[in-house]
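Have a look at the structure below before the remarks.
The values are calculated or read from the model by the stated rules, or taken from the named source; none is laboratory data. These figures come from a predicted structure and were not determined experimentally. Don't worry about glycine lacking a Cβ; one is built from the backbone with ideal geometry, like all the others, and counts go over all protein chains shown. When the accessible area is computed, the model is the full protein with side chains, heavy atoms only, and any ligands, DNA or RNA have been set aside. Shrake-Rupley method; radii C 1.70, N 1.55, O 1.52, S 1.80 Å.
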Amino acid sequence: MTALLNSDALPVVLMALDWFAVVVFAVTGALVASRKQMDVFGFTLLGTVTGIGGGTVRDVVLGKLPVFWVHDPIYIVLCVAASVVVFFTAHIPSSRYRVLLWLDCMGLSLVCVLGADRGLDANAGALVAVVMGVVTATFGGIMRDILGAESPLVLRKEIYVTAALFGATLYVAAMAVGSDKLVAAAVGFAGCFTMRALAINYRWSLPAYKPRPGRGRDELDKLGL
């Protein structure tokens with residue numbers, strides 16, 4: 001069963017996860033558009049940019065041109081379809097922001113693993129693969145928040161990039177010790193999702209820089225500055 005999964009079904013499973021991750025991120029983009037009361041074209045723009053943005057940056061950095069959605073336009077179709085569905089259903093949840101956070105958490109966890117896997121497939125090395133996981137997981141959200149005039153999640157004190165980094169690192173480490181790809185993906189996903197979920201529930205954040213008063217003229221004179 002394991003051999004069959006590895007040889008035949010694994011590419012299909014990874015493709016399905018990739019599609020699902022794109023749809024999840026597209027929905028988060030469309031939800032931001034709903035909070036800004038945009039029209040259906042605004043929904044489609046934010047949904048599509050969020051869904052494919054991170055992967056586009058990843059492919060450009062890795063030199064894999066043309067980028068993935070040019071080879072396979074189904075990604076664009078999925079983003080547009082998800083965005084249009086959200087346009088007609090965004091009013092249903094009582095808290096769109098809460099839904100946005102949790103969907104973004106799921107998308108982040110999936111894409112950090114898939115992005116790291118693309119890095120490994122490109123023979124870019126472990127460190128670069130981890131970076132590609134973080135880039136793929138975060139850059140679509142950055143574009144979404146900038147276009148939606150929101151403060152980007154990655155610039156807030158919340159644990160966000162750290163969770164993507166953790167998940168991508170777990171995946172690459174598991175692959176390095178010879179784990180099955182699906183097992184490694186599950187470990188990376190679980191690590192990222194758990195860290196981000198705990199951060200959302202308990203409002204965890206990394207320590208922020210605290211400004212200190214500058215040195216006075218007397219102190220500078222003593223230092224010869």
Find the relative contact order for the chain and round it to a whole percent, using C-alpha pairs within less than 8 Å whose residues are 6+ positions apart.
-> 20 percent
For the range 10-116 the mean separation of alpha carbon contacts under 8 Å (6+ apart) over residue count, i.e. relative contact order in percent, is 39 percent
Using just the helices of the chain, give the 222 nm mean residue ellipticity in deg cm²/dmol: DSSP H runs with n ≥ 4 each add -39,500 (n - 2.57), and the total is spread over all residues, rounded to 500.
-> -24000 deg cm²/dmol
In the chain, which helices (entire DSSP H runs) extend 30 Å or more along their own long axis, judged by Cα positions, while averaging at least 0.5 on the Kyte-Doolittle scale?
-> 10-35, 40-62, 96-121, 126-147, 181-202
Please give the peptides 10-16, 207-213 ranked by average Cβ packing (other Cβ atoms within 10 Å per residue), highest first, as a rough proxy for protection.
-> 10-16, 207-213
Radius of gyration and Dmax for the range 100-139's Cα atoms, expressed in Å?
-> 10.4, 34
Is the shape of the range 32-150 rounded, prolate or oblate, going by the alpha carbon gyration tensor and its root eigenvalues a ≥ b ≥ c, with a/c under 1.5 for rounded and a/b larger than b/c for prolate?
-> prolate
For the chain, shape from the Cα gyration tensor axes a ≥ b ≥ c, cut at a/c of 1.5 then a/b versus b/c, turns out oblate
Mind jotting down the distance between the C-alpha centroids of the range 132-174 and the range 15-29, whole Å?
-> 15 Å
Could you check how much of the accessible area of the chain is carbon and sulfur, as a whole percent, using a 1.4 Å probe?
-> 69 percent
Would you mind calculating the relative contact order of the range 103-225 from Cα pairs under 8 angstrom and at least 6 residues apart, reporting the percent as a whole number?
-> 27 percent
Over the chain, with neighbouring protein chains present, the accessible area per residue in Å² at probe 1.4 Å is 52 Å²
Order these peptides, 143-154, 168-179, by their mean beta-carbon neighbour count within 10 angstrom, highest first.
-> 168-179, 143-154
